[in-house]
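Contents: one structure, followed by commentary.
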Amino acid sequence: MKTIAFIALSVIASAAMATGPVSSTPDISITGTSVQFASLAGVSVNNNSTGSKSEAFQNLATNTGNVTVGGSSIQAVTGAGGSVANTASGSDAYASQNLSSNVGDVTVSGNSLQFTAIMGSSLANVSSGGNSKAVQNVATNNACFTCQPTKTSHWPN
C-alpha cells in the first residue's frame, strides 16, 4: 500500500514539474459574478512611495493584471468627506491610481458596471521627478500597456 501511495505521489510531482515555470503575473479567473465595493466616509486613503524608481500602486474596487470574470462585474467606490491620494516621487517614479476600474488584460463575459462617487472629497494622483509618470483611472477600462512603468517590473507582465 505504501508503495502504491509513493508511486502515485511521484507521478503527481512529476506532472506538476512538467508544467513549466509559473508566470510572474498570476492569472485570476472568477467563474461567476464579481462584486467589488469600497465605501469611504471621512477617511483618508494615502499611498506613498519615495526614492529613485519608486512605484505607488493604489487599487480600490479594481481588477488589474490578467483577469477573467466569467459572469457580470460590479465595481463601485463611494466616498464622502475624505481624500484619496497616491504619490510616487523620485527619478523614474511611477504612480498608478485606479478606482472601480479594469486595468490590463481584463475580460468580462457578462455585464460590467463601474461606478465612482466622491462627494466633498479630493482625489489626487501625483508622480514627481525626472522621467516620472502618473496614470489615474476612475470608473474606466484601461488596457494601455505603454502607460505602465518603463523600468523592468513584474507588473503587469
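The values are calculated or read from the model by the stated rules, or taken from the named source; none is laboratory data. Being a predicted model, the structure only gives us computed values, none of them experimental. Cβ placement follows ideal geometry from the backbone for every residue including glycine, while neighbour counts extend to all protein chains displayed.
Quick one: in segment 59-84, of everything that is surrounded by fewer than 21 Cβ atoms within 10 Å (Cβ to Cβ) and more than 16 Å from the chain's Cα centre (by Cα), which residue is nearest to S127 (Cα to Cα)?
Of everything passing the filter in segment 59-84, S83 is nearest to S127 (Cα to Cα).
Does T50 count as under 19 Å from the mean Cα position of the chain (by Cα) and surrounded by fewer than 18 Cβ atoms within 10 Å (Cβ to Cβ)? Explain how you work it out, then say what you get.
Details: under 19 Å from the mean Cα position of the chain (by Cα): no; surrounded by fewer than 18 Cβ atoms within 10 Å (Cβ to Cβ): yes.
Answer is no for this residue.
List pairs: first in segment 99-111 and on the phi > 0 side of the Ramachandran plot, second assigned to a loop (DSSP other than H, G, I, E, B), Cβ under 6 Å, 6+ apart or cross-chain?
If the second residue must be assigned to a loop (DSSP other than H, G, I, E, B), the pairs left are S100/A61; S100/A139; G104/P156.
Among A56, A41, A88, A15, which is the only one that is over 13 Å from the mean Cα position of the chain (by Cα), on the phi < 0 side of the Ramachandran plot, modelled with pLDDT of 90 or more and not charged (D, E, K, R)? Give the steps one after another, and end with the answer.
Values: A56 fails: over 13 Å from the mean Cα position of the chain (by Cα); A41 fails: modelled with pLDDT of 90 or more; A15 fails: modelled with pLDDT of 90 or more.
Residue meeting the stated conditions: A88.
Being polar (S, T, N, Q), under 15 Å from Q36 (Cα atoms) and crowded, with 18+ Cβ neighbours inside 10 Å is true for just one of Q97, Q114, Q136. Which residue is that?
Q114
Does segment 58-69 contain at least one residue that is farther than 17 Å from A117 by Cβ, of a type outside the set (D, E), in contact with a strand residue (DSSP E or B) (Cβ under 7 Å, 6 or more places away or on another chain) and assigned to a loop (DSSP other than H, G, I, E, B)?
Taking segment 58-69 as the starting set, the residues that turn out to be farther than 17 Å from A117 by Cβ are 58-59, 63-69.
Filter again for of a type outside the set (D, E), leaving 58-59, 63-69.
Then drop every residue that is not in contact with a strand residue (DSSP E or B) (Cβ under 7 Å, 6 or more places away or on another chain), which leaves 58-59, 63-69.
Filter once more, so that each one left must be assigned to a loop (DSSP other than H, G, I, E, B): none.
No, that holds for no residue.
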